[in-house]
Amino acid sequence: MANAIPAAAATEASERDVVYGKVTRRLIPFLLLCYVIAYLDRINVGFAKLQMLSDLKFSESVYGLGAGIFFAGYALFEVPSNLVMLRVGARNWIGRIMVTWGIISAATMLVRTPSGFYTARLLLGIAEAGFIPAILYYLTLWYPSAQRGKVTALFLAGIPLAGVVGGPLSGWIMSSLNGANGLGGWQWLFVLEAIPAVLAGVAAFFYLDNDVDSAKWLSDREKQLIDRDLASEAQGKSLHTVRHGLWTVRVWLLAWLYFFFTIGLYGVSFWLPSIIKATGVKDPLDVGLLTAIPFGVALITMYLIGRSSDARRERRWHLAVPAGIGALGLIFSAVYDHQTVLAMIALTFAMAGIVPCIPQFYTLPPAILTGAAAAMGLALANSVGSVAGFVGPYLLGWVKDLTGSTNAGVITLAVFLFVGAALVFTVPARVVNR
């Protein structure tokens with residue numbers, strides 16, 4: 001009889017692995033593709049800048065403000081977007097977001113003035129608002145906390161994948177199509193990279209299911225196993241309403257913690273092509289190929305850190321250590337700013353540390369929130385993080401115009417990352433290490 005209990009537990013664990021593996025194969029590849037497209041459409045302005053500024057006679061500050069103002073619209077509409085998502089369903093809202101931002105991203109090719117640039121970026125932020133928290137909330141409908149670190153990392157692998165794929169692709173478009181049919185390479189960039197967003201948005205309406213119970217590809221027994229896991233986890237959480245997700249001190253602490261990580265991510269992401277170009281690399285295609293290196297290494301470290309975090313049920317050190325490595329990488333990239341090889345090594349360490357912080361952070365809010373509170377908490381964190389998305393790029397643009405170099409701005413981003421790494425430990429381990 002004593003041996004029967006461990007055998008039954010082993011059988012249930014094996015069944016659980018099979019079920020969640022099935023869910024992952026069904027959902028994650030498509031959601032990952034959506035995020036690659038989303039992140040590419042968000043940061044391709046960094047590549048467009050290499051030609052756009054000279055064609056339109058924009059200053060570095062104009063670019064920095066335009067790159068960052070995306071996040072003003074994003075932040076303002078993040079929470080309202082998720083409130084609508086709770087009413088209409090994640091599938092419908094994810095599809096709507098992608099179609100809308102694809103259209104607006106393509107329209108950026110028509111920009112001629114700074115005010116037009118700001119307007120296009122602001123509208124793009126409004127259109128994309130709610131996308132990431134909608135999908136992260138969507139994942140909480142399918143996975144309990146113990147499974148979520150790895151799948152969140154797999155989904156957010158779209159950040160480095162967009163760099164690996166998008167860097168060479170953007171460089172090739174701008175080098176090969178510049179002047180074709182009277183359009184600049186940067187204009188072709190916005191048009192061609194917007195088309196996949198519209199197509200994926202339409203596909204989302206037909207491919208995704210709103211929740212476990214509506215998934216025809218799961219058997220009744222598989223649905224019951226997932227529902228039982230989710231219900232068991234929810235019993236230990238007292239924060240579950242919209243009000244809890246918006247007005248709890250601990251949620252606001254997490255939101256501002258996210259600020260310190262995202263300021264590093266977006267500051268570097270929007271300026272990485274320019275930083276590499278400043279080391280002496282001139283051809284847009286070469287710049288694009290080199291940007292793929294830091295993102296490619298970050299893709300590996302993101303997965304490994306997510307897997308280790310789940311296996312050890314430890315979240316705080318898996319956030320703090322990568323953030324510290326990322327900060328050191330940024331500092332050394334400024335020290336060796338005119339030596340391409342050494343700068344690339346430093347930038348690779350920087351991105352390998354910074355990028356994994358994002359999926360690791362997103363394991364924290366669902367550890368203390370459930371239901372509508374999780375949707376609102378994720379939206380709030382992303383909204384506050386969006387402020388960093390505005391500050392980071394604008395800071396580097398302002399510093400570049402003032403000093404002729406981005407070094408002081410890059411070092412400032414490193415300081416923010418060090419502060420974020422320290423603040424992680426204000427979150428009790430018993431709350432998030434589960």
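The values are calculated or read from the model by the stated rules, or taken from the named source; none is laboratory data. This one's a predicted model, so the numbers in the text were calculated from it and none came from an experiment. So basically every Cβ, Gly included, is an ideal-geometry build from the backbone, and we count neighbours across all protein chains shown.
A compact table of results
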read-out	value
Selection status of ALA129, among the small types (Gly, Ala, Ser) and modelled with pLDDT of 90 or more	no
Enumeration of residues in region 118-132 that are hydroxyl-bearing (Ser, Thr, Tyr) and in contact with a helix residue (DSSP H, G or I) (Cβ under 7 Å, 6 or more places away or on another chain)	TYR118
Residue pairs meeting the criteria (Cβ under 6 Å; at least 6 apart or on separate chains; first surrounded by fewer than 24 Cβ atoms within 10 Å (Cβ to Cβ), in region 60-73; second β-branched (Val, Ile, Thr))	GLY73/ILE126
Qualifying residue in region 7-21 (condition: assigned to a helix (DSSP H, G or I), over 21 Å from the mean Cα position of the chain (by Cα) and more than 27 Å from LEU154 (Cβ to Cβ))	yes
Total residues in region 71-113, condition in contact with a helix residue (DSSP H, G or I) (Cβ under 6 Å, 6 or more places away or on another chain) and assigned to a loop (DSSP other than H, G, I, E, B)	1
Qualifying residue in region 297-319 (condition: over 20 Å from SER145 (Cα atoms), in contact with a Leu (Cβ under 8 Å, 6 or more places away or on another chain) and modelled with pLDDT under 90)	yes
Where a residue in region 288-301 is within 23 Å of SER176 (Cα to Cα) and without any contact (Cβ under 8 Å) to a residue 60 or more places away in the chain and its partner, wherever it lies, is in a helix (DSSP H, G or I) and among the hydroxyl-bearing types (Ser, Thr, Tyr), with Cβ under 6 Å and at least six apart	ILE293/THR348
Pairs with Cβ under 8 Å, 6+ apart, first in region 305-325 and assigned to a helix (DSSP H, G or I), second at pLDDT 90 or above and surrounded by fewer than 16 Cβ atoms within 10 Å (Cβ to Cβ)	ALA320/ALA422
Any hit, region 360-369, residues being modelled with pLDDT under 90, part of a helix (DSSP H, G or I), of a type outside the set (Val, Ile, Thr) and touching a His at 6+ places or on another chain (Cβ under 9 Å)	yes
Residue in region 171-183 that is crowded, with 19+ Cβ neighbours inside 10 Å, over 18 Å from LEU56 (Cβ atoms) and in contact (Cβ under 8 Å) with a residue 40 or more places away in the chain present	yes
Region 330-356, residues that are over 15 Å from TYR258 (Cα atoms), under 20 Å from the mean Cα position of the chain (by Cα) and not aliphatic (A, V, I, L, M)	THR348, PHE349
Residue check for LEU141: surrounded by fewer than 23 Cβ atoms within 10 Å (Cβ to Cβ), modelled with pLDDT of 90 or more and either of a type outside the set (Asp, Glu) or more than 14 Å from the chain's Cα centre (by Cα) (or both)	no
Residues within region 127-142 that are part of a helix (DSSP H, G or I) and closer than 17 Å to PHE70 by Cβ, tallied	5
Any hit, region 269-289, residues being of a type outside the set (Ser, Thr, Tyr), over 17 Å from VAL45 (Cα atoms), within 21 Å of the chain's Cα centre (by Cα) and in a helix (DSSP H, G or I)	no
Those residues of region 36-55 which are surrounded by fewer than 24 Cβ atoms within 10 Å (Cβ to Cβ) and among the aromatic types (Phe, Trp, Tyr), in sequence order	TYR39
